[in-house]
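Below: one structure, written as structure tokens.
The values are calculated or read from the model by the stated rules, or taken from the named source; none is laboratory data. Small disclaimer: the values here were computed from a predicted structure and weren't measured. Neighbour counts are summed over all protein chains in view; Cβ atoms, including those assigned to glycine, are modelled from backbone coordinates with ideal geometry.
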Amino acid sequence: MEFKNYYEILGVDKSATTDEIKKAYRKLAKQYHPDKNPGDKAAEEKFKEITEANEVLSNPEKRQKYDNLANNYNQYQSTGGGSADDWFRNYASSQQGREYQDTGNFDDIFSNLGGGFSDFFQAFMGGGGGFSSSKRGTRGRSRKGSDYEASMNITLEEAFNGSERQFTIDGRTIRIKITPGMQEGKKLRLRNQGAQGPSGGEKGDLYLTIHVQKHHAFERDGDDLKMTAKVDLYTVVLGGKKSIRTIDGKVVNVSIPAGSEPGTTLRLKGLGMPKFENPSQRGDLLVKVAVSIPSNLSEEERRLFTRLAELRR
């Protein structure tokens with residue numbers, strides 16, 4: 001069994017600050033994330049390894065306990081000790097019957113870490129160090145695995161219509177349903193899709209945050225949608241109709257009142273986003289009028305505009 005050097009795994013010094021550790025983890029996680037390396041088992045194992053290292057070293061209490069263990073192991077090696085397996089057995093034997101005030105309860109050292117990452121991890125969380133149940137009732141008891149957090153970007157059309165997405169995590173393919181009306185920042189809880197619990201414990205959960213991408217034509221405001229429609233000068237002055245396309249692809253004719261000022265906003269009931277709690281109901285579409293000034297006027301048009309200007313003086 002290999003003793004895991006979490007500092008080397010993250011590429012940081014033992015004196016690294018918590019911020020430096022988190023920064024190193026984010027850089028490596030981005031590089032080795034399974035979503036960016038589909039089907040690459042080596043990248044998947046690397047991602048598990050750096051996740052394990054980060055969850056220990058980014059937690060001051062776990063980091064201190066890990067450092068104590070590492071120091072003990074290094075001393076063992078410096079005196080000509082044998083393999084890591086021997087050290088695990090000897091250390092476990094030396095600690096039995098004690099309250100572990102120096103090094104802490106082994107179960108607590110890696111509590112809330114996902115199981116199945118490494119033999120080193122399993123040696124403590126999975127009971128591989130030879131521990132049995134104690135009067136404290138903590139050793140040998142299965143624990144729930146750690147929760148995962150992730151984010152997913154969807155289009156505004158997906159948020160409107162709903163869709164299904166799938167992604168891979170820890171070698172598992174997970175499918176989720178995007179409900180019509182999905183909101184920006186909505187956090188979904190996927191039960192038992194997190195890390196495997198140690199000692200056969202229940203899997204943790206996956207918390208997935210949804211981000212709705214910006215749209216080129218529509219701006220979302222709760223359940224309402226906003227858009228800008230360019231209307232020619234003649235229609236703005238005299239009144240008339242303006243054809244627009246809604247988020248669901250329908251073409252509707254909007255009535256432009258005569259004399260509409262630039263920036264006038266017209267409300268179209270029920271043409272916005274579906275309501276997340278009740279997708280059969282929809283918000284409104286707010287259409288902002290922008291005046292399109294004619295260019296490249298003909299001589300006749302210039303003459304008429306000149307005449308109109310003279311009449312308004």
Is the stretch 294-305 home to any residue that is under 48 Å from the mean Cα position of the chain (by Cα) and surrounded by 10 or more Cβ atoms within 10 Å (Cβ to Cβ)? yes
With the first residue restricted to the stretch 234-248 and required to be among the hydroxyl-bearing types (S, T, Y), and the second required to be surrounded by 17 or more Cβ atoms within 10 Å (Cβ to Cβ) and assigned to a loop (DSSP other than H, G, I, E, B), Cβ contacts under 7 Å at 6 or more apart or on different chains are T246/L271
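Taking the stretch 50-61, which residues are in a helix (DSSP H, G or I), surrounded by 16 or more Cβ atoms within 10 Å (Cβ to Cβ) and either modelled with pLDDT of 80 or more or over 29 Å from the mean Cα position of the chain (by Cα) (or both)? Step through it out loud before you land on a result.
Of the residues in the stretch 50-61, the ones in a helix (DSSP H, G or I) are 50-57, 60-61.
Going one step further and asking which of them are surrounded by 16 or more Cβ atoms within 10 Å (Cβ to Cβ), we end up with 50-57.
Hits for the stretch 50-61 are I50, T51, E52, A53, N54, V56, L57.
Could we say that K135 is modelled with pLDDT of 90 or more and of a type in the set (D, E, K, R) here? Give the derivation first.
On the way: modelled with pLDDT of 90 or more: no; of a type in the set (D, E, K, R): yes.
Taking the combined requirement at face value, the residue does not satisfy it.
I'm checking my understanding of the structure. Among residues of the stretch 171-180 that are in a loop (DSSP other than H, G, I, E, B) and touching a helix residue (DSSP H, G or I) at 6+ places or on another chain (Cβ under 7 Å), which one is modelled with the lowest pLDDT? Steps first, please.
Going through the stretch 171-180, the residues in a loop (DSSP other than H, G, I, E, B) turn out to be 171, 179-180.
Cutting the leftovers down to touching a helix residue (DSSP H, G or I) at 6+ places or on another chain (Cβ under 7 Å) gives us 171, 180.
Working: G171: 81, P180: 96.
Looking at residues that are in a loop (DSSP other than H, G, I, E, B) and touching a helix residue (DSSP H, G or I) at 6+ places or on another chain (Cβ under 7 Å), I get G171.
Residue under question is S260, and the condition is that it be in a loop (DSSP other than H, G, I, E, B), without any contact (Cβ under 8 Å) to a residue 40 or more places away in the chain, among the small types (G, A, S) and surrounded by 11 or more Cβ atoms within 10 Å (Cβ to Cβ); does it hold? Can you show your working first?
Details: in a loop (DSSP other than H, G, I, E, B): yes; without any contact (Cβ under 8 Å) to a residue 40 or more places away in the chain: yes; among the small types (G, A, S): yes; surrounded by 11 or more Cβ atoms within 10 Å (Cβ to Cβ): yes.
Yes: the conditions hold for S260.
For the stretch 198-246, which fully contained strands (runs of 3 or more DSSP E) count at least 3 residues that are charged (D, E, K, R)? So that I can check it myself, show each step before the final result.
Numbers: elements: 206-212, 219-221, 224-232, 240-245.
By residue number, 219-221, 224-232, 240-245.
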